[in-house]
Structure formats: C-alpha cells, structure tokens
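This report refers to the structure that appears directly beneath it.
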Amino acid sequence: MTDLLKIGVLVSGNGSNLQAIIDRIEAGALPAQIVCVISNKADVFALERAKHHGIPTHVLDHRSHAGREAYDTALVELLRSHGVGLVVLAGFMRIVTPVLLGAFPHAVMNIHPALLPAFPGLHAQQQALQYGVKVSGCTVHFVDEGTDTGPIIIQAVVPVLDDDTEETLSARIQKEEHRIYPEAVSLFAAGRLAVDGRRVVIAPTA
Ligand code: GRF
C-alpha cells in the first residue's frame, strides 16, 4: 500500500474550505491526511476546526518575521517537519514567495472566488458585481509567482442574480468552493494532475 498524501493547510480565517476537505477525508472519500494547519493569525475559527478534529495546529505570525522570504522559510521548515506533500491555501491572506513555491513545486494549491483570469486579487465577488457579469464562480489552481495566475485545475460556475449582494453571491460561490476544492485535492492525491505549461491535464481513472 502506498503512503497517504500528507497535506498542510494554510489559513487566516473561518476555514470553511478546510472543513470541506476534513469532511471529505472523514467520509472516506479522500485518501489523504491533513498533518498540520498553520495560521498567520491567532484566534481564527479555522484553528478551532482543526483542533476539533485532532489536527496539529501552529500559529506563525508574519509580524515576527523580517520579510516575506523569512516568513516562507519558517513555513517551509514547519511544513517539512510534518512531511507535507501538498500545501493547500484555504483563505490564507498572505502572498507567498518563490521560497515556498520552490520547496513544493506544483504542489501548492489555492482557491479563488471568481472565474479566473477574471477578477483576481481581493474582493473578487464585489468586482464581479461591479462589472455586471451574469455568471461568476470559483477556481482551484496551482499557485505560481503571480497573484491568482497559476495553472487552473477545476472551475465551477454560478449565476449572478440581479438582486445579489456581495454576501449572497459569496454564499452561492462558497457552496461550489466546498465541492471543487476537495475534488481537486482528491485528483492530486490520486496522481491524476499533470501540469503542461499553463494547462493542467487530468488523467482519466485507471
Ligand atoms: C474563500 O472565499 C476563498 O475563495 C478565498 O478565501 C475564502 C476563504 O474562506 N480564497 P474559508 O476561510 O475557507 O471559509
């Protein structure tokens, strides 16, 4: 039997995507193990969620490091100490550097609440509403050195309704986030994702 994929999840807030991945694993539908949850902020709900499921947690405060590279060096050390094979950014509000990306090539994932390449960066749902698009959604992608520019793994589309607010649109998008993020992790765990330039090719099931 092959070893289970070891996942490190980086968070800064609520952790509902973390929860979706935990739930998929606990349901026996995702053969992987979350070996650590690391937050750059203390007292966030994501840490409570992890503790509730017996997952080791760490707070690595970005303010106690000299810069982004120094912070990522500490992150890499911590992730490696847990034997992590996939880094999952789940609402992690930090820009990562080549220090992290070089340590985990094609093994850092993020979820973004828009259909990339539309509306990268902060407040993606608000950007979509202001632009007047009729559909939006979410994107799971590998992280590269740009902001929300890495190769796309899975996207899901949701309608934008005339009476939507940022809150209602975000809630509709989050439902899809919670479906596709565990799905993307599952494809990675199964060794079915191959990066070919900008494209991620998903191998069929054997
Ligand atoms: C999600 O909307 C995700 O798309 C974005 O940050 C939010 C995190 O939510 N990257 P949660 O902490 O997983 O609930």
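The values are calculated or read from the model by the stated rules, or taken from the named source; none is laboratory data. Being a predicted model, the structure only gives us computed values, none of them experimental. Cβ sites come from the backbone with ideal geometry, for glycine too, and all protein chains shown count toward neighbours.
Summary of computed values
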read-out	value
Some residue of the stretch 137-156 being over 23 Å from A107 (Cα atoms), at pLDDT 95 or above and not small (G, A, S)	no
Pair list, Cβ under 8 Å, 6 or more apart: the stretch 168-187 residue farther than 18 Å from E26 by Cβ and assigned by TED's automatic domain parsing to the domain that holds V135, other residue assigned to a helix (DSSP H, G or I) and more than 10 Å from the ligand (Cβ to nearest atom)	L169/A128; L169/L129
Given (1) free of Cβ contacts under 8 Å to residues at least 60 places away in the same chain; (2) more than 16 Å from the ligand (Cβ to nearest atom), index of the condition L79 fails	(1)
Filter result (assigned to a helix (DSSP H, G or I), surrounded by fewer than 18 Cβ atoms within 10 Å (Cβ to Cβ) and among the aliphatic types (A, V, I, L, M)) within the stretch 84-111	V99
Subset of the stretch 112-130 (residues that are more than 11 Å from the ligand (Cβ to nearest atom) and not in a loop (DSSP other than H, G, I, E, B))	Q126, Q127, A128, L129, Q130
Residues located in the stretch 9-30, provided they are small (G, A, S) and within 11 Å of the ligand (Cβ to nearest atom)	S12, G13, G15, S16, A20
Criterion: of a type in the set (G, A, S) and outside the structural domain of A203 (by TED's automatic domain parsing) - qualifying residue of A118, A74, A128, A124	A74
Candidates A27, A42, A46 - the one that is modelled with pLDDT of 95 or more, within 26 Å of V99 (Cα to Cα) and out of contact with any helix residue (DSSP H, G or I) (no Cβ under 6 Å at 6 or more places or on another chain)	A42
Residue within the stretch 168-181 that is in a loop (DSSP other than H, G, I, E, B) and within 11 Å of the ligand (Cβ to nearest atom) present	no
Qualifying residue in the stretch 40-52 (condition: more than 10 Å from the ligand (Cβ to nearest atom) and touching a His at 6+ places or on another chain (Cβ under 7 Å))	yes
